[in-house]
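I am attaching a structure below and will ask some questions about it afterwards.
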Amino acid sequence: MKINLLSRLTFVMIFFAIQAPIRAQVVTVDNYYNHETKKNVNGQLEDYHYLWDDKEWTGFSIFGEAFKKNGAKKLNVLKEAPTLVNLKSTNVYLIVDPDHLADNASPNFMTTRQAAVIAKWVKKGGVLFLMGNDKQNA
C-alpha cells in the first residue's frame with residue numbers, strides 16, 4: 001500500500017496530539033460508513049481496515065493502544081448506523097475513510113437524518129473525529 005507524505009504527516013500529528021491525557025472514557029470507531037471486507041484463509045468474509053485489531057493494513061491497533069495508554073477505558077466498534085442510543089456511552093466517535101463504490105459495492109452513505117443524530121450527539125458533548133484519505137471522499 002502506497003502512503004503519500006501528507007498522509008504520513010497527518011498520522012504522525014494525530015498520534016502525537018493524542019499523547020496528551022484523554023478524558024474520554026469510551027472511543028468508538030465506525031464500521032458502518034467504512035465497512036470493507038475481504039476473504040480470510042477459509043474463504044469467509046471478514047471485516048478489515050480501520051479497526052482496533054487492524055495490525056496489517058492501517059496500524060489502527062497502534063492508534064487504539066495510544067488512546068488506551070492515555071486514558072481511554074474502552075475501545076468500541078459501531079457496526080450500525082449511529083443513533084442517540086448507540087452513541088450514548090461513547091465519548092469520541094471516529095469515522096474514517098467512508099466507503100465509496102470503489103471500496104464497497106453497497107456503501108452506506110450518510111443520510112441527512114444520521115447527520116442530524118451525530119450533530120445532536122456532538123452538541124451534547126460528544127467528540128466527532130473525522131479522517132479521510134480518498135479524493136472521492138473530499
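Please treat every number below as a calculation from the coordinates, not as lab data. Because the structure is predicted, anything quoted here is derived from the model rather than measured. We place every Cβ from the backbone using ideal geometry, glycine too, and count neighbours over all the protein chains shown.
Considering every residue within segment 92-108, establish whether at least one is over 19 Å from ASP54 (Cβ atoms) and part of a helix (DSSP H, G or I).
no
Counting only residues that are under 17 Å from LEU75 (Cβ atoms) and in contact with a helix residue (DSSP H, G or I) (Cβ under 7 Å, 6 or more places away or on another chain), how many does segment 88-132 have? Spell out how you get there, then give the answer.
The first filter runs over segment 88-132 and keeps only residues under 17 Å from LEU75 (Cβ atoms), leaving 88-96, 126-129, 131.
Next, only the ones that are in contact with a helix residue (DSSP H, G or I) (Cβ under 7 Å, 6 or more places away or on another chain) stay: 93, 126, 128.
Going through segment 88-132 one residue at a time, the tally reaches 3.
Here's another thing I want to ask about it. Return the residues of segment 65-81 that are in contact with a strand residue (DSSP E or B) (Cβ under 7 Å, 6 or more places away or on another chain) and not in a helix (DSSP H, G or I); say none if nothing qualifies.
Scanning segment 65-81 gives ALA72, LYS73, LYS74, LEU75, ASN76, VAL77, LEU78.
Would you tally the residues in segment 56-73 being surrounded by fewer than 19 Cβ atoms within 10 Å (Cβ to Cβ) and either within 15 Å of GLU36 (Cα to Cα) or of a type in the set (Phe, Trp, Tyr) (or both)?
Of the residues in segment 56-73, 2 are surrounded by fewer than 19 Cβ atoms within 10 Å (Cβ to Cβ) and either within 15 Å of GLU36 (Cα to Cα) or of a type in the set (Phe, Trp, Tyr) (or both).
Oh, and also: I need a count of the residues in segment 87-106 that are buried (at least 16 other Cβ atoms within 10 Å of the Cβ) and at negative phi.
Going residue by residue through segment 87-106, those that are buried (at least 16 other Cβ atoms within 10 Å of the Cβ) are 87, 90-99, 103.
Next, only the ones that are at negative phi stay: 87, 90-96, 98-99, 103.
Matching residues across segment 87-106 total 11.
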